[in-house]
Every structure is written in C-alpha cells, then in structure tokens.
1. What are the residue pairs meeting all of these: first residue in the range 70-89, first residue without any contact (Cβ under 8 Å) to a residue 24 or more places away in the chain and under 20 Å from Y156 (Cβ atoms), second residue part of a strand (DSSP E or B) and not hydrophobic (A, V, I, L, M, F, W, C), Cβ atoms under 7 Å, and 6 or more apart or on different chains?
2. In the range 120-167, how many are assigned to a strand (DSSP E or B), among the polar types (S, T, N, Q) and within 19 Å of V101 (Cβ to Cβ)?
3. Identify the residue in the range 109-127 that is more than 15 Å from N157 (Cβ to Cβ) and of a type in the set (K, R) and, among all such residues, is nearest to the chain's Cα centre (by Cα).
4. Does at least one position in the range 89-108 carry a residue that is touching a Lys or Arg at 6+ places or on another chain (Cβ under 7 Å) and not charged (D, E, K, R)?
5. Here are R53, R44: which of them is closer than 30 Å to T152 by Cα, of a type outside the set (A, V, I, L, M, F, W, C) and surrounded by 12 or more Cβ atoms within 10 Å (Cβ to Cβ)?
6. More than 18 Å from the chain's Cα centre (by Cα) and buried (at least 18 other Cβ atoms within 10 Å of the Cβ): does that describe L130?
7. Name the residues in the range 28-51 that are modelled with pLDDT under 85 and out of contact with any strand residue (DSSP E or B) (no Cβ under 9 Å at 6 or more places or on another chain), would you?
Amino acid sequence: MQRELLRHQHRRKARRIIISVVALLLIALCILIFRAQRPISRAREQSITIARRVAGIKNVDHFYTATLNQTYYTVQGTNDRNASLYVIINKDNGKTTALNVSRGISQANAIQRVKSAGQVKKVLNAGPSLFNNKPVWIVSYLNQSKELCYYTLDYYNGKVVQTIINV
C-alpha cells in the first residue's frame, strides 16, 4: 500500500516536471518566433512611415518584400486623392519609387502569365519591386518538381525580364 502511494507520488511529480519543461519550451519557442519576426515588423513600420511621408499614403493595403539583386520593401495603399499606389523602398539607401497601381498589370495578371508560361505547382508570392531600377513583378513559385523558381515580369506590359528556374 505504501509502495503504491509512493509510486503515485512519483508519477505525479514526474508529470509536474514534464508539464513544466513543456511549458518552458513553449514559452521559449514563442519568444524565439517573436524575435525572429521583429526585423520584418520593424521594416514594415518604417516602410509605411516613409510611404506616408513621401507619397501621402493614408490607408495601407499590403506590404511586400522582395530580394533578388537587392532588397526592396513595397507598401500598397491609397493617398488622400483615393489613388492606389505602390511605394517601393530600397532597403539599403532608402530611395523610393511610387507607382500608380492602375498603370501596370495587376497581381492576378502577373500570376496568370507565369502560370501559363511554365509548370507551376504552387505560387508562393507575387509582389511589385524594382529590378535594374525598373518596376517589375516578382513571382515566386514551386514547379512540378517542387523546386523554387522566380519570374520577373515588366510592371507595365508583363513581358518576361528574367527567369530563375530550379533554385
């Protein structure tokens, strides 16, 4: 009887230890995830501030990030005249480029062009950016072999500027 009571107490103590360790691991994981996301959150906040100051963006709709030859942050939003704009910001030097959304092909059109051109299994992202100082759509996707691929399309006419296949 006493052995059974001791065994029961040991099991209870072991459960408490296991629960405590799991709780600590979950807390550590949450902290790690929060810290890992902090740089992109900070970049988003700074980009929105720049877009508001430079292009008069009032309402922010989307935030994109793209890195091919350089890193660019893009804020999509509307200004006080209700015009929809993309404000593309160079991460390194802060240089901005504002594009009127209606003057280029749409995100859906860019994705459709990529799908019709190749063996796209899953589109991962499509966002406006700059490539060689010209506005482009960068579409990343997985092909049928589950390899990462990129299409860079001219922002205004949708012509292919660059392809990177099977990264």
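The values are calculated or read from the model by the stated rules, or taken from the named source; none is laboratory data. Computed from a prediction, not measured in an experiment: that's the story for all the values here. Glycine also receives a Cβ, built like all others from the backbone with ideal geometry; neighbour counts cover every protein chain displayed.
1. Close Cβ pairs (under 7 Å, with a partner that is part of a strand (DSSP E or B) and not hydrophobic (A, V, I, L, M, F, W, C)) amount to A83/N100; S84/T78.
2. Number of matching residues: 3.
3. Of everything passing the filter in the range 109-127, K122 is nearest to the chain's Cα centre (by Cα).
4. no
5. R44
6. no
7. A28, C30, I31, L32, I33, F34, R35, A36, Q37, R38, P39, S41
Table: residues versus (1) assigned to a loop (DSSP other than H, G, I, E, B); (2) hydrophobic (A, V, I, L, M, F, W, C).
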position: R12; (1), (2): no, no
position: R16; (1), (2): no, no
position: L26; (1), (2): no, yes
position: P39; (1), (2): no, no
position: I48; (1), (2): no, yes
position: D92; (1), (2): yes, no
